[in-house]
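This report concerns only the one structure given below.
The values are calculated or read from the model by the stated rules, or taken from the named source; none is laboratory data. The structure displayed is predicted, hence computed values, not measured ones. Here Cβ is always computed from backbone atoms with ideal geometry, including for glycine, and neighbour counts include all displayed protein chains. To get the accessible areas, we keep the full protein, side chains included, count just its heavy atoms, and leave off ligands, DNA and RNA. Shrake-Rupley method; radii C 1.70, N 1.55, O 1.52, S 1.80 Å.
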Amino acid sequence: MELRGARLDELELELVEPFETSFGVEKRRRFLLLELEERSGEVGYGECVATADPLYSSETVTTANEMIATRFLPELLRSRSVDPASFLRSAARYKGNRMAKAAVETALVDLAARLSGESVADHLGGGRRRIEVGVSVGIQPTVAGLVRRVGRYLDDGYRRIKLKVRPGWDARPVRAVRAAYPDIEIWVDANQAYPTRNVARIRRWATASRVAQVEQAFPERAIRAHADLARGAPFRVCLDESVVDMPSLEDALDAGAISSLNVKTGRVGGAEVGQALARRARRARVPAWVGGMLESGVGRAHNVHLASLPEFVLPNDLSASDRYYHEDVIERPFVLGPGSTLEVPKGPGIGVEVSERAVRRARRRSRTFRR
Ligand code: OSB
Ligand code: MG
């Protein structure tokens, strides 16, 4: 492929309801949308999941914008021949900045798939036609409100519920949800909020409420604490923030600190990286699934294709469009189907159409690039 131009938009969308995690409350989402144009006129889209503030990881909308606009795009537009893997190889000399890299890589994957007339899923090796999904439920003002919120998601058809927890919002709300719904599958996600001395306490309440999976209880680098939590536990210990590349996954496997892998393309710096991590985890009998970062329809479409691959075996954090935004940037929303599933768009590429009208409405800044 040879690129002719690019457009980098900063967008802002308002969430249907505030999303509270151990980091804080999000009411709206600022993110980058990248459009790459090939010599033939074909375009590919990528979304950057970096957030306005560096709370989930050190990247922000501003740092990603800077990397994409001043390094990645100028270098891509100068080169005769580009593809996702060669882009990641040449960008590897820049440390970190994985969300920025993933935005570019996924746009190249979409473009490459469109040019060969296949879907992103087929381009990555081929997968199922529908994927199983669950819903991630933010911290609520009251326990009764949480139980009602969960009840509405169950009525919508979601089968697997992930509750955001933190010190002070854990044993009691989780027990209340379990008491109200004795048979549902409950996961929890702390986004690193616990001190490592809390291993025994977390194990007690998670066991008592028959939690199936505890995600990222401790800080990113606290591999030993996650291994302590996993030892003999009746639930899976899932890593999200701790796994950012192959060496960090290998270390977690060696330590016995992981029994489920949350794969986010942005966190690991590319779709093909995420696929390789999931494959490595599967060889160690650790199941993988695709996590979410409250993506718009473009990032969601990429995630849905990724989740359809055989490497991904647990229900994913990819809910229907109406769980996230009042107005998305794609023409046709993702809707929840039978058995708590989303349909994988047929393609070509990510198989969704970007709404120029919605993009214009959500746009805060825009830059174009030419060869
Ligand atoms: O840790 O999985 C997480 C959203 C923002 C940042 C981190 C996380 C999340 C979610 C949302 O859990 C999942 C989704 O997009 O549906
Ligand atoms: Mg998480």
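Taking θ as phi - 60° and the Karplus parameters 6.51, -1.76 and 1.60, the scalar couplings of the stretch 203-218 work out to 4, 5, 6, 5, 5, 4, 9, 6, 6, 7, 7, 10, 9, 6, 5, 10 Hz in sequence order, x denoting glycine and proline. Can you give the calculated 222 nm mean residue ellipticity of the chain, where each DSSP H run of n ≥ 4 adds -39,500 (n - 2.57) and the sum is split over every residue, rounded to the nearest 500 deg cm²/dmol? It lands at -10000 deg cm²/dmol.
Expressed as a whole percent, the accessible surface of the chain that belongs to carbon and sulfur atoms is 47, based on a 1.4 Å probe.
Inter-label distance, residue 142 to residue 25: 1.6 nm, where each label sits 7 Å from its Cα along the C-beta direction. Once C-alpha pairs closer than 8 Å and six or more residues apart are averaged by separation and normalised to the residue number of the chain, the relative contact order reads 22 percent.
Taking 7 Å steps out from each Cα toward its Cβ at residue 4 and residue 371 produces label points 0.8 nm apart. Short-range pairs are left out: with C-alpha atoms under 8 Å and at least six residues apart, the relative contact order of the stretch 123-343 is 22 percent.
Annotation for residue 58 and residue 221: the two label points, set 7 Å from Cα along the Cα-Cβ direction, are 1.1 nm apart. Coupling constants for the stretch 170-175 follow from the phi torsions by the Karplus curve (6.51 cos²θ - 1.76 cosθ + 1.60, θ = phi - 60°), and in residue order they are 8, 3, 6, x, 5, 5 Hz; glycine and proline get x.
Compared with the direct C-alpha span, the chain from residue 282 to residue 251 gains 9.6 nm at full extension, assuming 0.36 nm per residue. Residue-wise HN-Hα couplings along the stretch 37-49, as the Karplus relation 6.51 cos²θ - 1.76 cosθ + 1.60 with θ = phi - 60° gives them from phi, are 10, 8, 3, 6, x, 5, 10, x, 10, x, 10, 9, 8 Hz; Gly and Pro carry x. Taking the longest Cα principal axis of the chain as reference, the axis of helix 297-307 is set at about 70 degrees. Between amide H atoms placed 1.01 Å from N, distances below 5 Å from residue 264 occur with 291, all of them 5 or more places distant or on a separate chain. The residues of the chain have, on average, 41 Å² of accessible surface per residue, using a 1.4 Å probe with all protein chains present.
Shown here for the stretch 203-270: GluC sites (Glu not before Pro) in loop regions (DSSP other than H, G, I, E, B) with at most 13 other Cβ atoms within 10 Å, of which there are none. The stretch 43-95 and the stretch 265-322 have Cα centres separated by 19 Å. Taking the DSSP bridge list for the stretch 215-371 and keeping only pairs wholly inside it, about 20 percent are antiparallel. Cross-link reach is defined here as a Cα-Cα straight distance under 25 Å, omitting same-chain residues fewer than 8 places apart; for residue 27 the lysines meeting it are 162, 164, 264. The percentage of C-alpha pairs in the stretch 123-343 whose separation is greater than 30 Å is 20%. In loop segments of the stretch 69-120 as defined by DSSP, the trypsin sites (Lys or Arg not before Pro) with at most 14 further C-beta atoms inside 10 Å of their C-beta are 80, 93, 95.
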